[in-house]
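Heads up, the thing below is written out as structure tokens.
The values are calculated or read from the model by the stated rules, or taken from the named source; none is laboratory data. Fair warning: this is a prediction, and the values are worked out from it, not measured in the lab. Cβ coordinates were reconstructed from backbone atoms using ideal geometry, including for glycine residues, and neighbour counts include every protein chain displayed.
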Amino acid sequence: MEIRPIVSTLLRSKVSLILIGLQIALTLAIVCNALFIISQRFASMGRPSGMDEANTFTVSSSGFGQHFDIASVTQGDLAMLRSLPGVKAVTPAISIPLSDSGWSEALSLSADQKTPTAPTAIYFVDEYGLDAFGTTLIAGRNFKPEEITRRAPRSTQWPTETIITRALAQKLFGDANAVGKQVYIDVKGAPINIIGVVDHLQMPWPHGVSRSADPTIVDYSILMPQVLSFGNRGGYLVRSEPGRRDELMKTVETKLGESNRGRIIEDMDSVAHIRALAYGQDRAMALILGGVIVALLAITALGIVGMASFWVGQRTKQIGTRRALGATRLDIVSYFLTENFLMTTIGLALGVVLTYALNLWLMSNYHSPQLPWFYVPVGVVCLWTLGQLAVLGPAKRASRVPPAVATRSV
């Protein structure tokens, strides 16, 4: 089939060509970038927190009255909670991964370093912290009971030992063994010895503490052997035996209330629910963008169908003449498919440029990563296919125009 007559016909319908071309171009640009954003959101939601989420929950309380002593209450609570049937481990905790509230600092490798090497989240725990979080120690050792201290209000003193995550160890020391090395939180203070490395322990903030293209930043966390409380408010992280979390949540709430009437039991929540809340906006964005993609593809397909149907109606006599001159139904279908292919290709060529332009704008304004190369060719193939499928119905209808139509107006 000759292309030149088809191109000539398209050029005689410049407005239609421009409108459909722009629609296809915008669809490609938006669909490719939206799909990339959705994939990023699902990747974020799938990141491991480093915890035994299914069997862990948090509980906090606030004391009132002049004689409420948070230190002695905490000691009694820990002894009571650890004695309950079904409890696997308990640790004092003011924050946990994905809770969106916590303590962060910057780490340096030397006392005279002007720019910190990496940010980090800090979790204050006792010797049962690793078991309560459910994270895996992959190098070094756990804290010893004699290393646990209570941090005084407004204190600036840090422990001399810490446990860090593998991602943070990689950031600080590369492939070298981090155990035995030192870091500084306060460059004017004493160095802190790294005694262990855990596999994963995500920050309290789902997307990290700074805008960075490095996806591992959300795993920059350290554990400190300190018990920390804010005034008369304290919290605990409780890990149950498999399948007993909900049962224990009710028991713990009752026991804490009975053990001390001078406080209010406040927040109690499962880690699984905390994760669901943390990624609620990501899920909502993925759903909204998914709806936008479906709507754009549907509108583009309907636009192609409408334009092709209009052209079929306008060219009925021409189609009848071609049929009278010997054109087969397959020739008519091929003509419209080829015409739509050329029109779609023009739109997709512009769409490729718009796709990367939109990605550059997202990178500069929202710190989005660069769009992987394969999104564009996959998007082009999908829209080519969509265009051919959309025009197939009107093309088949055109192929059924009888040759006699060419003589009716003569």
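Some notes on this structure:
- Selected residue (only one of Ala272, Ala295 is more than 18 Å from the chain's Cα centre (by Cα), assigned to a helix (DSSP H, G or I) and either surrounded by fewer than 18 Cβ atoms within 10 Å (Cβ to Cβ) or not acidic (Asp, Glu) (or both)): Ala295
- Any hit, the stretch 175-191, residues being without any contact (Cβ under 8 Å) to a residue 12 or more places away in the chain and over 25 Å from Leu98 (Cβ atoms): yes
- Some residue of the stretch 49-59 being part of a loop (DSSP other than H, G, I, E, B) and either farther than 27 Å from Val198 by Cα or aliphatic (A, V, I, L, M) (or both): yes
- Hey, Ile304 part of a helix (DSSP H, G or I) and buried (at least 21 other Cβ atoms within 10 Å of the Cβ) or not: yes
- Test: residue in the stretch 350-370 that is closer than 30 Å to Thr316 by Cα, of a type in the set (A, V, I, L, M) and over 25 Å from the mean Cα position of the chain (by Cα): no
- Residue that is more than 16 Å from Pro92 (Cα to Cα), under 27 Å from the mean Cα position of the chain (by Cα) and either in the same structural domain as Leu386 (by TED's automatic domain parsing) or assigned to a helix (DSSP H, G or I) (or both), where the choices are Leu287, Leu330: Leu287
- Which numbered condition His67 fails, given (1) in a loop (DSSP other than H, G, I, E, B); (2) free of Cβ contacts under 8 Å to residues at least 40 places away in the same chain: (2)
- Hits in the stretch 128-148 - residues which are more than 35 Å from the chain's Cα centre (by Cα) and surrounded by 17 or more Cβ atoms within 10 Å (Cβ to Cβ): Ile148
- Residues located in the stretch 235-269, provided they are of a type outside the set (S, T, N, Q) and part of a helix (DSSP H, G or I): Arg245, Asp246, Glu247, Leu248, Met249, Lys250, Val252, Glu253, Lys255, Leu256, Gly257, Glu258
- Test: residue in the stretch 191-209 that is among the small types (Gly, Ala, Ser) and in the same structural domain as Gln113 (by TED's automatic domain parsing): yes
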